[in-house]
Protein chains: 2
Amino acid sequence: MSEETTFVLEKNDVRNLIRDRKIIQLRGYLEEMYEADIAELMDDLNDKVLALLLFRMLPKLKAVEVFSFLSIENQREIINAISDSELPYLIDNTFFDDVIDMIEEMPAEFVNRVLINIAPEKRKLVNQFLNYPEDSAGSLMTIEYVRLTEDMTVGQALFHVRETGLKKETVYTCYITNMHEKLIGIVSLRALVTEDPALKITDIMEKDIIVVNTNDDQELVADMFKRYDLLAMPVVDNLGRLTGIITVDDILDVIEQEATEDFQIMAAMTPSETEYLDTSIFNLAKHRIIWLLVLLVSATFTGNIMKNFSNTLESLILLGMFIPMLMDTGGNAGSQSSTLIIRGLATGDIKLTDAFRVLKKEFLISLICGVVLSAVNFARILIFEPTVPALVALTVSLTLISTVVMAKVIGGLLPIAAKKLKLDPAIMAGPLITTIVDAMSLIIYFNIAQAILHI
Amino acid sequence: MSEETTFVLEKNDVRNLIRDRKIIQLRGYLEEMYEADIAELMDDLNDKVLALLLFRMLPKLKAVEVFSFLSIENQREIINAISDSELPYLIDNTFFDDVIDMIEEMPAEFVNRVLINIAPEKRKLVNQFLNYPEDSAGSLMTIEYVRLTEDMTVGQALFHVRETGLKKETVYTCYITNMHEKLIGIVSLRALVTEDPALKITDIMEKDIIVVNTNDDQELVADMFKRYDLLAMPVVDNLGRLTGIITVDDILDVIEQEATEDFQIMAAMTPSETEYLDTSIFNLAKHRIIWLLVLLVSATFTGNIMKNFSNTLESLILLGMFIPMLMDTGGNAGSQSSTLIIRGLATGDIKLTDAFRVLKKEFLISLICGVVLSAVNFARILIFEPTVPALVALTVSLTLISTVVMAKVIGGLLPIAAKKLKLDPAIMAGPLITTIVDAMSLIIYFNIAQAILHI
């Protein structure tokens with residue numbers, strides 16, 4: 001049963017069922033559907049009244065699970081629509097990290113209504129969580145985990161797991177803290193099940209634990225999940241006290257989000273976490289315009305270079321015809337190198353200490369590419385453009401080799417240099433590299449032209 | 001304890017300890033280190049003899065775990081070095097999916113040596129797994145999971161879990177099959193622990209299961225993991241028989257790999273799964289040169305357009321000075337749009353049916369960006385380049401607006417069109433968009449120039 005055959009109710013089906021008042025049939029469909037699919041259906045409907053109607057038809061506990069999958073917009077609608085007596089149930093049964101995510105995105109009046117309707121001790125925690133920096137481990141973590149104390153036996157611990165009855169993955173690793181709330185070990189549910197119940201928990205726990213600090217960046221957290229193949233990771237404060245855990249499902253989102261951010265920066269945009277269709281036109285324009293302006297102003301240097309060589313250009317206007325091709329090829333060659341290096345730095349495959357190896361590789365690759373490209377180009381000009389003198393074709397081809405070599409070496413090294421300077425390497429991508437390479441390839445072109453053609 | 005403070009032995013430390021013959025101390029360090037860190041250390045050493053020496057110093061079981069984290073190259077070295085009596089232990093204790101990954105990357109003589117040294121029934125399985133298409137669900141799955149039969153009670157099932165003693169996450173969901181090996185339900189370890197042991201397993205199992213087919217693409221599998229927040233997912237064949245499971249740690253790699261592939265295609269390279277530093281110069285050049293050639297030939301159209309307008313250009317050589325800036329800005333504006341849309345299509349935030357919304361958004365955004373850019377550019381020319389006539393500045397600025405609008409609309413729509421035509425939207429990224437936009441912006445430029453400047 002692949003995606004094609006999975007049971008999914010379409011928006012039009014819902015509309016038809018409601019129009020035809022086939023409510024019992026609709027309820028039957030909803031019962032069969034997965035929570036994530038119902039949430040997507042509600043988001044896709046683009047009809048708040050209809051979405052709310054569907055939500056009201058769900059059994060109470062399923063409704064809560066659907067809620068956590070909904071878009072912030074629909075979550076807000078639902079909080080708006082339900083009574084103060086229903087709200088605490090909804091909040092209490094939603095995973096704590098989802099509640100935090102929701103509150104972070106909501107306007108003040110909603111936040112207040114949510115905060116008033118949750119238990120005071122939880123309210124304090126919410127406020128604490130809201131203070132963690134964005135994209136930090138603290139902002140990712142949840143408090144739904146099993147905490148055991150150092151004096152427990154395996155049997156007592158297992159009993160405790162049974163009693164707390166937590167949901168999903170958060171139960172498979174249990175965390176042992178001492179009287180100062182310091183994390184001293186972890187134990188898997190598998191160990192609790194297989195070990196002798198009379199043993200002390202401290203005898204079977206793993207003491208060598210991989211942890212992160214609440215202030216660590218989410219990128220570091222994701223790297224550690226990948227590196228150590230973890231399902232969950234405990235988060236501690238500066239005193240080593242357990243403050244929460246991060247589960248792998250949130251890391252899937254982090255990895256995707258970090259890649260999206262890199263895509264945006266590499267295409268010369270200030271990054272944004274909001275989905276494209278949910279972002280206003282003004283905001284989208286704002287994210288793009290700053291870099292476009294910077295690059296526009298930088299590109300005028302290229303114009304100045306042309307002005308300086310205007311005598312050369314005027315004496316042989318034919319030279320101008322090859323400028324777009326030379327600039328494009330240089331830009332493309334540089335983008336290829338910078339993209340590979342930026343991505344390698346992001347995934348950890350390339351390290352700062354590899355700078356020299358990258359330089360050597362890019363130089364040799366660029367020689368191969370440059371020679372092939374300029375040979376093809378030379379042949380193309382001779383065959384298809386017989387009016388172009390051979391010396392001009394030679395000038396263009398020599399420039400092509402030099403441009404490709406220069407572009408690839410610059411494209412390979414600038415991201416590493418950026419990282420060394422603690423800048424984001426993703427800045428050194430296509431658009432910026434192109435601007436730099438454009439200017440330099442023009443200088444090379446006109447100098448070679450002057451030397452070969454004596455103009 | 002963040003990454004900075006985690007205990008990691010550096011390559012130089014190892015070299016020094018071995019040089020000073022402090023073997024006991026080294027062994028002590030290795031005992032404390034995580035398997036993933038030891039493997040990275042061995043890979044980083046770039047010294048096969050030293051790596052092998054370290055491997056020999058590890059306790060047997062830890063050695064096996066380190067083995068699964070090693071690079072293919074080092075795995076090959078180790079298989080080469082160990083005796084036939086040790087090999088079966090190593091293979092038997094490595095996760096099945098890691099064995100498959102290794103075999104897939106190895107030359108024939110190693111594969112034979114590995115196959116000879118594993119049990120016949122497992123050998124049959126290996127051969128079956130090697131036949132799954134690359135990047136399919138089948139190629140990702142493992143056989144280390146707990147299989148229960150439909151006649152078991154909860155107590156018997158829990159006893160079975162204790163007995164099989166599997167490692168890590170693969171134990172937390174158990175799979176129930178009927179007499180025809182068809183998957184009929186799943187049950188969590190948590191449920192086995194908390195439910196009454198006398199109950200029948202079929203009474204507490206979940207029957208509504210999310211599964212994939214062995215032939216499904218890994219991208220679909222990753223999407224389902226993200227969508228349903230799964231830790232593991234069963235894989236079935238066309239008859240619904242359970243053939244293996246996929247665990248979330250492999251999905252982290254898939255998500256990263258798919259993003260890397262998109263980065264490569266978007267920078268005009270044929271994608272490759274090998275790490276940059278591990279790929280030969282010849283292969284790296286090969287992946288880049290095809291697209292560079294295609295784009296080089298396409299870019300010559302731009303030269304032809306300039307040739308057609310050479311009279312216009314010759315009568316006012318000044319026009320040529322602004323061509324690089326116009327082309328770069330058009331390319332950048334188009335890349336921004338295409339990157340956002342390609343990424344949105346990849347993460348599922350944008351669907352094919354959103355084409356009209358994208359068109360509307362990109363048109364309005366491009367108007368804002370175009371107006372701001374050309375106003376700034378007009379002012380810049382008037383202030384800093386007093387020799388340029390105002391009408392030329394006007395020509396450039398009008399072209400700039402038109403180019404940005406055209407670039408963003410093309411950049412927004414081409415990826416969607418590609419997806420509609422079942423092509424990879426990532427092809428429609430910066431390099432190709434730039435080439436298209438370059439040609440069109442020149443046509444616009446010269447036409448506006450002819451109209452306004454009457455040349």
**Prompt:** Roughly how many whole Å is it from the C-alpha centroid of region A:307-329 to that of region B:224-269?
**Reply:** 49 Å
**Asked** Among bridges DSSP assigns within the protein assembly as shown, what percent are antiparallel (round to 5)?
**Response** 70 percent
**Request:** Quick one: P(r) of region A:59-116 from all Cα-Cα pairs, 10 Å bins, percents rounded to integers, in order of increasing distance.
**Result:** 23, 68, 10
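What is the magnitude of the charge dipole of the protein assembly as shown about its Cα centre, with +1 placed on the Cβ of each Lys and Arg, -1 on the Cβ of each Asp and Glu, and no other charges, expressed in debye to the nearest 20?
Dipole about the Cα centre, nearest 20: 2520 debye.
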**Tilt relative to chain A, helix A:72-81 - C-alpha long axis, 0 to 90 degrees, to 10** = 30 degrees
**Prompt:** Looking at A:T395, B:G348, A:L50, which one has the Cα that reaches farthest to the positive end of the dipole of the protein assembly as shown (charges on Cβ: Lys, Arg +1; Asp, Glu -1)?
**Reply:** A:T395
**Request:** Assign unit charges at the C-beta atoms only (+1 for Lys and Arg, -1 for Asp and Glu), then state the dipole size of chain A relative to its Cα centre in Debye, rounded to the nearest 20.
**Result:** 1440 debye
**region B:103-138: GluC sites (Glu not before Pro) falling in loop per DSSP and having at most 11 other Cβ within 10 Å** = B:E134
**Asked** Across the residues of B:301-310, average count of Cβ atoms on other protein chains within 10 Å?
**Response** 4
**Item:** Normalised convex hull volume, the protein assembly as shown, alpha-carbon set, Å³ per residue
**Value:** 196 Å³
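Take the Cα pairs of region B:146-248, get the Kirkwood Rh, then feed it into Stokes-Einstein at 4 °C and 1.567 mPa s and tell me D in µm²/s. Don't skip to the end; give the middle numbers.
On the way: Rh = 14.0 Å.
Taking Rh from Cα pairs, D becomes 93 µm²/s.
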**Request:** Would you mind checking the tilt of helix B:60-69 against the longest principal axis of the Cα atoms of chain B, expressed as 0 to 90 degrees and rounded to 10?
**Result:** 20 degrees
**Request:** Using just the helices of the protein assembly as shown, give the 222 nm mean residue ellipticity in deg cm²/dmol: DSSP H runs with n ≥ 4 each add -39,500 (n - 2.57), and the total is spread over all residues, rounded to 500.
**Result:** -21000 deg cm²/dmol
**Prompt:** Modelled label-to-label distance, B:I383 and B:Q156, 7 Å Cα→beta-carbon offset: nm?
**Reply:** 8.5 nm
**Request:** Calculate the spin-label point distance for B:E206 paired with A:R357, positioning each point 7 Å from the Cα along the beta-carbon direction, and give it in nanometres.
**Result:** 4.3 nm
**Prompt:** Per residue, how much space in cubic angstrom lies within the convex hull of the C-alpha atoms of region A:276-453?
**Reply:** 151 Å³
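Taking a threshold of 28 Å on the Cα-Cα distance, which of the pairs B:K60/B:K226; A:K62/B:K226; A:K62/A:K122; B:K124/B:K182; A:K60/A:K182 fall above it?
Numbers: B:K60/B:K226 36 Å; A:K62/B:K226 19 Å; A:K62/A:K122 23 Å; B:K124/B:K182 20 Å; A:K60/A:K182 37 Å.
Table pairs above 28 Å Cα-Cα are B:K60/B:K226; A:K60/A:K182.
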**Asked** Name the trypsin sites (Lys or Arg not before Pro) in region A:249-351 that are in a loop by DSSP and that have at most 16 other C-beta atoms within 10 Å, would you?
**Response** A:K351
**Request:** Starting from the Cα gyration tensor of chain B, take the square roots of the eigenvalues, sort them a ≥ b ≥ c, and report rounded, prolate or oblate (rounded when a/c is under 1.5, otherwise prolate if a/b is larger than b/c, else oblate).
**Result:** prolate
**Request:** Show which lysines lie in cross-link reach of B:K408 when reach means a straight Cα distance below 23 angstrom and same-chain residues fewer than eight apart are skipped.
**Result:** A:K286, B:K351, B:K360, B:K361, B:K419, B:K420, B:K422
**Request:** Under 1.5 on a/c is rounded, so check that first for region B:11-140, then, if it is not, pick prolate when a/b is larger than b/c and oblate when it is not; a ≥ b ≥ c are the square roots of the alpha carbon gyration tensor eigenvalues.
**Result:** prolate
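Give me a single rounded figure for B:250-259: the average over its residues of other chain Cβ atoms within 10 Å of their Cβ. Intermediate results must be reported in sequence, preceding the final value.
Values: counts 1, 3, 9, 4, 0, 7, 9, 1, 2, 10.
Mean shielding count: 5.
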**Request:** Of the options B:N332, B:T142, B:N308, report the single residue whose Cα projects farthest towards the positive end of the charge dipole of chain B (beta-carbon charges: Lys, Arg +1; Asp, Glu -1).
**Result:** B:N308
**Request:** Provide a whole-number value for the mean count of partner chain Cβ atoms within 10 Å of the Cβ atoms in peptide B:363-373.
**Result:** 4
**Message:** Quick check: pseudo-label points 7 Å beyond the Cα along Cα→Cβ at A:E219 and B:L293, how many nm apart are they?
**Reply:** 3.7 nm
**DSSP-loop trypsin sites (Lys or Arg not before Pro) across region A:84-183, with at most 16 other Cβ within 10 angstrom** = A:K167
**Prompt:** To one decimal in nm, how far is B:F363 from the same spot in the other copies, if labels go 7 Å from Cα toward Cβ? Please give the shortest first.
**Reply:** 5.3
**Message:** I'd like the distance separating the alpha-carbon centroids of region A:397-455 and region B:86-143, in whole Å.
**Reply:** 46 Å
**Request:** Working from Cα positions, state the angle (0 to 90°, nearest 10) between the long axis of helix B:248-266 and the longest principal axis of chain B.
**Result:** 20 degrees
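Only the coordinates and a few stated rules stand behind these numbers; no lab work does. Worth saying up front: this structure is predicted, and the values here are computed from it rather than measured. Note that we place each Cβ from the backbone using ideal geometry, even for glycine, and neighbour counts take in every protein chain shown.
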